[in-house]
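Everything on this sheet refers to the single structure shown next.
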């Protein structure tokens with residue numbers, strides 16, 4: 001990917017994106033934080049849609065695998081990387097305890113801005129133990 005500025009055409013690199021992002025939001029957040037949040041929202045929605053009873057261990061395991069796979073697909077990454085580096089493990093543990101966000105979107109993951117804000121508020125509460 002390339003972009004044009006007054007001084008010419010430039011390649012979009014990971015370093016450039018990180019630098020520009022830091023300039024916009026400050027050093028306390030990184031681009032990885034955005035990927036982590038997106039993967040966690042995707043996994044939480046997948047688990048919410050699963051409808052699996054958490055007392056059915058095999059079914060719960062399958063729902064968690066599906067949620068991690070959905071997150072990996074959304075990131076363009078492997079399931080192992082998504083689970084180990086991006087999906088917040090508290091979402092998976094909360095699901096095993098019977099807690100998740102409300103399902104609010106179809107399998108494509110499409111959400112309006114208003115719905116996304118509501119899901120994110122619910123997810124923040126879930127991660128905080130609520």
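The values are calculated or read from the model by the stated rules, or taken from the named source; none is laboratory data. As the structure is a prediction and not an experimental result, all values here were calculated from the model. Cβ atoms come from the backbone with ideal geometry, glycine included; neighbour counts cover every protein chain shown.
Matching residues to (1) loosely packed, with under 15 Cβ neighbours inside 10 Å; (2) closer than 17 Å to residue 119 by Cα:
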residue: 3; (1), (2): yes, no
residue: 11; (1), (2): yes, no
residue: 24; (1), (2): yes, no
residue: 27; (1), (2): yes, no
residue: 37; (1), (2): no, yes
residue: 42; (1), (2): no, yes
residue: 46; (1), (2): no, yes
residue: 63; (1), (2): no, no
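Okay, residues lined up against (1) within 14 Å of residue 41 (Cα to Cα); (2) at pLDDT below 95; (3) more than 14 Å from the chain's Cα centre (by Cα); (4) buried (at least 17 other Cβ atoms within 10 Å of the Cβ):
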| residue | (1), (2), (3), (4) |
| --- | --- |
| 73 | yes, no, no, no |
| 76 | no, no, no, no |
| 83 | yes, no, no, yes |
| 87 | yes, no, no, yes |
| 91 | yes, no, no, yes |
| 108 | yes, yes, no, no |
| 111 | yes, yes, no, yes |
| 116 | yes, yes, no, no |
| 119 | yes, yes, no, yes |
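Residue-wise test of (1) under 12 Å from the mean Cα position of the chain (by Cα); (2) touching a residue at least 40 places away in the same chain (Cβ under 8 Å); (3) assigned to a strand (DSSP E or B); (4) over 24 Å from residue 122 (Cα atoms).
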{"residue": "22", "(1), (2), (3), (4)": "no, no, no, yes"}
{"residue": "29", "(1), (2), (3), (4)": "no, no, no, no"}
{"residue": "42", "(1), (2), (3), (4)": "yes, yes, no, no"}
{"residue": "58", "(1), (2), (3), (4)": "no, no, no, yes"}
{"residue": "66", "(1), (2), (3), (4)": "no, no, no, no"}
{"residue": "95", "(1), (2), (3), (4)": "no, yes, no, no"}
